[in-house]
Structures are given as C-alpha cells and as structure tokens.
Amino acid sequence: MTEIRPPPLLHPHPSSPRMALPGCFAAFFRRNRVGVNHPEPRYKVERPRILPDYRMTTRFFKSITTCDNFYTDPPNWWLNTDADPPAYSPGDESVIDQKLDELSPLLRQLSLDIHSHPETAFQEIYAHDLLTTFMADNGFKVTKSYLGIATAFRAEFHHGKGGRTLGVNSEYDALKGIGHACGHNLIAVAGVGVALTLKAALEAHDICGRIVLLGTPAEEGGGGKILLLNGGGYQEMDLCVMCHPSTGPKHSANVGTCITVQEIEVEYVGRSAHAGAAPWEGTNALDAAFLAYSGISVLRQQMRPENRIHGTIEGNQDWAPNVIPDYAKMRWLVRTPTRTELTSLVERVKRCFEAAALATSCEIKMNLAAPYLDLNQNQVLGKEFSDVLMKRYGMHTMSRAGSASTDFGNVSYALPALHPGFAIPTELNGGNHTIGFTRAAASLHAHEATLAVAKGLAHTALRALRDDEFFQQVKESFRKPRQDLSI
Ligand SMILES: [Zn+2]
Ligand SMILES: [Zn+2]
C-alpha cells in the first residue's frame, strides 16, 4: 500500500529553510503570511447565492463592471403582486399600450405553442407556419419561405403613401436537446407584438410608413439573418429592432454590445484498423480531434479573459473501442469583442487544428461560417428606449457588454438598429442555454417582461417613423464609429 502524503506547498514561507522565495513576490508572501503553517486553504470556492432584492438605483447600475449573472426568484419578480407589472405613468394611455394589452392573451398562446414545439436551425416549420398564418390573419401581406430560405418569412403592412420603413425581427429557433433554452419563443411574440401594435398606431394617428416583420431562422447557428442580409432582405428598411431575454436584475433591460463569434467545423479523416490486432495500420481521427481539443485548452491560457473558445467532438455513429476511428468531426465557436481580434484569434485556433492533423497524419477539412459581428447598438434609439422604459414602465436600462453573440450584430452594421436584452426571472444557475431557462421562458412573468419591452420598442420605433428630426439624429449616430452607450 502506498502512503499518501499531502502535496508540497507551492510557495513555502521565505523563512523556511527549504527554500527562499525568488524575486519581487517574496514581499507579497511575507506580507500576506502565506507559509508552511498557514492553516487556511489557499483558495476558497464561493458558493453560488441568490442575489438580494436590489433597489434599482443608477449607482447600482454604474457599479456593474463584471460578467456576473443575475438570478431572481420568480415569485418576487414584479414589485407589487405576482400579477402586477410595474406601475405605468398615470393617465398616459396610448394606442401602443392598449393594443399590446389587448393582444397579450393571444401572444401568450403563440409563445407557449412555439415553446412546446421546439425546432432547431432551419427546421422551424411549425413556428414558420404558425406565425405566418397569424400575421396574415391580422392584415399583413405575408411572403412565406422568404428569399428561398424555407423557414424565413416576411410580413408587411403599409399605411398611406411613402414614409419610412421599420424592420422588426422575430427569432424562433430552439436548442438541440434543451428546447427553448434561449427564450426565442418570447422574441417571436415580441416581434409580432411590435409589428401589430405599430400597425394600429400608424392607422390611429394616420402616419405614413411601412412595417416589415422578418421571421429570421437559425440564430443559434446557421446565421439566418446574415443570409437574409446578403439576399437583400434588409435593404428596404430605414431601421430595425428586436429584443432578447436573458438573466438580469429584475425590471431591467440592457442596450450594451455583445461579442463576435466565428463558427468553425473541422473534419479529420484517417484510416480504420483493428485496434488490438493491427493498430499500426490505422490513422486515428479521434486522436487528431483529441490533440486539437488539448491544443486549444493550452491556447486558452494565453487568451485575453474576454475571449472565448468552446467546442464539441461529434465523430460518427460507427465509433467502437476495438476499431481505430477513421473519422472525427468537431464544431467550434471562437468569440472576441471585436472583428480585428477575431481574425487573429481564429488564425491561432486554426493552427491547433492543423497541428493535430500533422501529428496524426490525418487529412483535415475546415469550414468557416460567416462570422457574427458585435452589436452596434444605435445610441439615439438606445437612449430613447431607455427613457421610455423608465418613464412609462418603471424599468431600468443599463449598457453592459455581454459575452454572448448574435447574427443581429451584422444587421446592426448595415443599418440603424437596436437589440435590447431584457431580464426575465430565472432559477439559480438557470441562465440562457440551460433547461432552467427553458422553464423560465414559459413563465407568465417572462411574458409580462416581454410585453413591457415590446411596448418600449414600439414607442421608440414609432418616434423614428413620425419624427423627422429624431430620425435624422438616428442616422447621424449610425454614421459614427461604434460607441457604447453610457446610461
Ligand atoms: Zn442562445
Ligand atoms: Zn438567443
């Protein structure tokens, strides 16, 4: 039997006869009394905790500088009772508020219907048919399978002659295995709600203009919006808006940017052989994938903390432990805050893939999708949205960079655009892309938050449609290089 000894300390106390600490860290360790007799473990793992019930002050938002996630106990979501959203400004009724309140039960039904029929990228047939039927029934001219993309659609309403064209986006794709874990059922009905309520507002106030709702498939991979953008689907629009649920302080939205992402598909092709009888006759594709995975794990040590690389090994159905695998496939995502950084990090990642092929003598094939860009949130639209949300619905908006990515980033560099995130109540560790978020995306509180944000977007967009001076400012802001909003 082997005697188990505790591992040696990494940095014995300088006074220890065993070793003197070199260099300038000696003083650090002396000062912090890190030594052989130190009774405490070096690092403590903090237990996750539910954050306290924050009062929404400006100071609180300014203090947020990290990438913490927020989880809010659903029963405490709204300020007053379970059912009541935040108080609106008294006596400030409008067509937008009335119309969205009237639509709420129908939108809730649509949302739950999409939620219970999760479909992944480019397979969203149920959602496509459901939404196109609904828009056609509500007076929109619908083009199904828009621009040759089977599950994309365009729904248009035009009032009067001329006027500006507002684009609105609805997403409805789900995640493999975990359903609507990104809440795209809420995005779908937010888009529908904004489009229908603005139709009512254009008619009620006799404002000339066009509303175009684009159904944009495959946001979670596949870049549906990039395909629509390249096909001219956004050309007619003067501006475009959408929103996205996430975790966050309650009653809050976020108009911060998000980061770029490059999807890379890698295939290794080797040669199979009997793993016991003649392994030397094989070329192991799984080994290549394993080496690539390890190479990237090492590369992470030299990455900036705001960058991300993550991937999976897919292989094929024929893998068996007694056969040398002759094929392996990997899917990777590389994320950085800017396009320039993305280009250089992707080059380093590609070298890890190539090195693995070289080491194992496998053939390699690499496919790089069109990258998703960071979000170029229009500052004028963002400030207006923030203002409306606070004054009308008592909701706070922050400007905080997130570390997720969206194909709406590419849209935001093509025309003035706004893509606020908004908080829905979630369980602890139940953020986006978890089964907990799937549950949260079906809750009534999440629906109410979606409606409030849809109202905020509709008010903002209506101003852009009818106020020439305001729209001029929106355009001027778009011409400037990307700046992050300071709210
Ligand atoms: Zn997602
Ligand atoms: Zn999403």
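The values are calculated or read from the model by the stated rules, or taken from the named source; none is laboratory data. From a predicted model like this one, the values you see are computed outputs, not experimental measurements. Cβ coordinates were reconstructed from backbone atoms using ideal geometry, including for glycine residues, and neighbour counts include every protein chain displayed.
Test K475 against the stated conditions and say whether it is charged (D, E, K, R) and crowded, with 23+ Cβ neighbours inside 10 Å. Criteria not met by K475. The residue list T151, T143, T165 contains one member that is in a loop (DSSP other than H, G, I, E, B), of a type in the set (S, T, Y), at pLDDT 95 or above and at negative phi, which is T151. Scanning the range 310-319 for residues that are at pLDDT below 95 and small (G, A, S) yields a single hit, G315. For the range 176-186, the criterion of being in a strand (DSSP E or B), within 16 Å of ligand 2 (Cβ to nearest atom), within 15 Å of I114 (Cβ to Cβ) and in contact with a Leu (Cβ under 7 Å, 6 or more places away or on another chain) is met by no residue.
Scanning the range 376-387 turns up no residue that is closer than 30 Å to K455 by Cβ, within 16 Å of ligand 2 (Cβ to nearest atom) and out of contact with any helix residue (DSSP H, G or I) (no Cβ under 7 Å at 6 or more places or on another chain).
Residues of the range 243-296 being among the polar types (S, T, N, Q) and free of Cβ contacts under 8 Å to residues at least 60 places away in the same chain, which ones? Of everything in the range 243-296, those that are among the polar types (S, T, N, Q) and free of Cβ contacts under 8 Å to residues at least 60 places away in the same chain turn out to be S272, S294.
The rows are residues; the columns are (1) at pLDDT below 95; (2) not hydrophobic (A, V, I, L, M, F, W, C).
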site	(1), (2)
H433	no, yes
R439	no, yes
T450	no, yes
K455	no, yes
T460	no, yes
A464	no, no
Q473	no, yes
E476	no, yes
I487	yes, no
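Against the condition assigned by TED's automatic domain parsing to the domain that holds N410, within 17 Å of D173 (Cβ to Cβ) and more than 16 Å from ligand 1 (Cβ to nearest atom), how does L202 come out, does it pass? Criteria not met by L202. For the range 388-409, taking the residues that are closer than 19 Å to T450 by Cβ and touching a Cys at 6+ places or on another chain (Cβ under 9 Å), the one that is modelled with the lowest pLDDT is identified as G402. Taken over the range 230-277, the criterion of being more than 24 Å from the chain's Cα centre (by Cα) and of a type in the set (F, W, Y) is satisfied by Y268 alone.
Restricting attention to the range 223-236 and to residues that are over 16 Å from E156 (Cα atoms) and in a loop (DSSP other than H, G, I, E, B), the residue that is nearest to ligand 1 (Cβ to nearest atom) turns out to be G223.
When I114, I178 are screened for being surrounded by fewer than 17 Cβ atoms within 10 Å (Cβ to Cβ), within 16 Å of ligand 1 (Cβ to nearest atom), under 22 Å from the mean Cα position of the chain (by Cα) and modelled with pLDDT of 95 or more, only I178 passes.
With respect to (1) farther than 29 Å from R439 by Cβ; (2) modelled with pLDDT of 95 or more; (3) small (G, A, S); (4) not in a helix (DSSP H, G or I), the lone exception for A121 is condition (1). Within the range 359-416, the set of residues being of a type in the set (F, W, Y) and surrounded by fewer than 20 Cβ atoms within 10 Å (Cβ to Cβ) comprises Y413 only.
Among the residues of this structure, E220 does not count as one that is buried (at least 24 other Cβ atoms within 10 Å of the Cβ), within 16 Å of ligand 1 (Cβ to nearest atom), within 20 Å of the chain's Cα centre (by Cα) and within 21 Å of S246 (Cβ to Cβ). The helices (runs of 4 or more DSSP H) falling completely within the range 389-486 that include 1 or more residues that are within 16 Å of ligand 1 (Cβ to nearest atom) and in contact (Cβ under 8 Å) with a residue 40 or more places away in the chain map to 408-414, 435-440, 444-466.
Scanning the range 231-240 for residues that are in contact (Cβ under 8 Å) with a residue 24 or more places away in the chain and surrounded by fewer than 20 Cβ atoms within 10 Å (Cβ to Cβ) yields G231, G232, E236, D238. Taking first residues from the range 102-131 that are of a type in the set (V, I, T) and partners that are assigned to a helix (DSSP H, G or I) and modelled with pLDDT under 95, no Cβ contact under 8 Å between residues at least 6 apart in sequence or on separate chains turns up.
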